[in-house]
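Enquirer: Submitted below is the structure of interest, expressed as structure tokens.
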Amino acid sequence: MIPPRSSNPHLLKRSNHAATPAIDILEGKAVRLAKGDYNAVTVYNDSPIDQAKAFEEMGAEWIHVVDLDGARSGNPSNLPLIEDILAKTMLKVEMGGGIRTMDTLQRIWDAGVNRVVLGTSLISNLDFTREAIAKFPTMLTAGVDARNGEVSVDGWMGGSGVAAETLIAQMRDLGFQHLVYTDISKDGMQTGLDVDTYVHLAQVFGHPVIASGGVASIADIERLAPVAGSIEGVIAGRAVYEGALDVPLALTLCHNATMKAQMNGMTHCSKNCEGNHAH
């Protein structure tokens, strides 16, 4: 029997429109890929744990962690590192990468991870996806990574032939309440967010969405503020590592935008998301 969510000390809500730093783990290091290319790797920290501590010191409450080794192999291999992050910080963790079995999901739940992102399995194993969302309805996030509108799978190494909007609508109908949408063509490139796309996808999904891919500077956070009712969170990677995005300022802007949206009752979605997140 799955315990109620509140019994897990790590399962806490995340504020709407929250800024979330990303840690992508490859071969035990914190890295970023350019456009999802495993041959275009930049190592930013030899220790993901130290990087997580640094983000916590900046004021972050959540981090978005991707097990790139797991995404490529289909079997998460960096869970011990993530467990260390949970043990050595007060951060809440959203995790994705290679999660394709119920046993793996249970291990992650037991480890105290707050959110789990399913990606490839949304397409490759719909039976698993249905079972997973039925058993862990509040923990799961649909991770839709797209290049030119087509969903990519297997660590972004292959196309699926499925349109992103089609998959998002399907995940909505299955009961997912959280969605991370990554524009792969922008990821790691600091070219800016396509705000209109995220507003549209929030309408398709029926809940606010988490924006990922292309955050360049604080200007992107400011551009999201007027549509905060459509945005559950924003994940930033390279812009944070390169110093182009000030995390404390981003957190403040996100908090203010959320408060304003709540005061104005601003929402573009048919349902309110869980006041939260993430990644």
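The values are calculated or read from the model by the stated rules, or taken from the named source; none is laboratory data. If you're wondering where the values come from, they're calculated on a predicted model, not measured in any experiment. Note that each Cβ is placed from the backbone with ideal geometry, even for glycine, and that neighbours are counted across all protein chains shown.
Enquirer: Is it the case that the range 95-103 has a residue that's surrounded by 23 or more Cβ atoms within 10 Å (Cβ to Cβ), out of contact with any helix residue (DSSP H, G or I) (no Cβ under 7 Å at 6 or more places or on another chain) and β-branched (Val, Ile, Thr)?
Expert: The answer is no, given that none of the residues of the range 95-103 is surrounded by 23 or more Cβ atoms within 10 Å (Cβ to Cβ), out of contact with any helix residue (DSSP H, G or I) (no Cβ under 7 Å at 6 or more places or on another chain) and β-branched (Val, Ile, Thr).
Enquirer: Also: Only one of 143, 158, 149 is closer than 23 Å to residue 33 by Cβ and modelled with pLDDT of 85 or more; which?
Expert: 143
Enquirer: For residues that are of a type in the set (Ser, Thr, Tyr) and part of a helix (DSSP H, G or I), tally how many sit in the range 73-100.
Expert: 1
Enquirer: Considering 61, 94, 56, which residue is within 18 Å of the chain's Cα centre (by Cα) and under 17 Å from residue 110 (Cα atoms)?
Expert: Answer to the selection: 94.
Enquirer: Hey, among the residues in the range 194-213 that are touching a strand residue (DSSP E or B) at 6+ places or on another chain (Cβ under 6 Å) and part of a loop (DSSP other than H, G, I, E, B), which one's nearest to residue 182 (Cα to Cα)?
Expert: 213
Enquirer: If we keep just the residues of the range 32-43 that are modelled with pLDDT under 95 and within 17 Å of residue 54 (Cβ to Cβ), which is surrounded by the most Cβ atoms within 10 Å (Cβ to Cβ)?
Expert: 32
Enquirer: Exactly one condition in (1) farther than 30 Å from residue 226 by Cα; (2) out of contact with any strand residue (DSSP E or B) (no Cβ under 6 Å at 6 or more places or on another chain) is not met by residue 58; state its number.
Expert: The failed condition is (1).
Enquirer: Evaluate the range 171-183: report whether one residue or more is assigned to a helix (DSSP H, G or I), over 13 Å from the mean Cα position of the chain (by Cα) and at pLDDT below 95.
Expert: Within the range 171-183 (the criterion being assigned to a helix (DSSP H, G or I), over 13 Å from the mean Cα position of the chain (by Cα) and at pLDDT below 95), the answer is no, since none of the residues qualifies.
Enquirer: Enumerate the pairs (first residue in the range 66-91 and among the β-branched types (Val, Ile, Thr); second residue anywhere and at pLDDT below 95 and assigned to a loop (DSSP other than H, G, I, E, B)) with beta-carbon separation below 6 Å, excluding pairs fewer than 6 apart on the same chain, so at least 6 apart or on different chains.
Expert: From residues that are among the β-branched types (Val, Ile, Thr), the pairs are 66/97.
Enquirer: A further question follows. Given the condition modelled with pLDDT of 90 or more, over 26 Å from residue 209 (Cα atoms) and either of a type in the set (Ser, Thr, Tyr) or surrounded by 15 or more Cβ atoms within 10 Å (Cβ to Cβ) (or both), answer yes or no: does some residue in the range 5-21 qualify?
Expert: No, the range 5-21 has no match at all.
Enquirer: Right, something else. Within the range 52-103, count every residue that is acidic (Asp, Glu) and closer than 17 Å to residue 210 by Cβ.
Expert: Result for the range 52-103: 2.
Enquirer: OK, next. Return the total of residues in the range 222-260 being in a helix (DSSP H, G or I), farther than 22 Å from residue 33 by Cα and within 17 Å of the chain's Cα centre (by Cα).
Expert: The total comes to 6.
Enquirer: Show the residue pairs meeting these rules: Cβ distance below 9 Å; 6+ apart or different chains; first residue within the range 117-128 and at positive phi; second residue surrounded by 15 or more Cβ atoms within 10 Å (Cβ to Cβ).
Expert: That search, which allows pairs on different chains as well, returns nothing.
Enquirer: Also, I was wondering about something else. Keeping to the range 161-170, report how many residues are at pLDDT 85 or above and more than 21 Å from residue 203 (Cα to Cα).
Expert: Count: 0.
Enquirer: Can you name the condition, by its number, that residue 53 falls short on among (1) closer than 16 Å to residue 237 by Cβ; (2) outside any strand (DSSP E or B)?
Expert: All conditions are met except number (1).
Enquirer: I'm trying to understand the selection: among the residues of the range 101-121, which are under 17 Å from residue 67 (Cβ atoms) and in a helix (DSSP H, G or I)?
Expert: Selection gives 103, 104, 105, 106, 107, 108, 109, 110, 111, 121.
Enquirer: Restricting to the range 122-135, and then to whatever is of a type in the set (A, V, I, L, M, F, W, C) and farther than 18 Å from residue 64 by Cβ, can you tell me which residue is surrounded by the most Cβ atoms within 10 Å (Cβ to Cβ)?
Expert: So the residue we want is 132.
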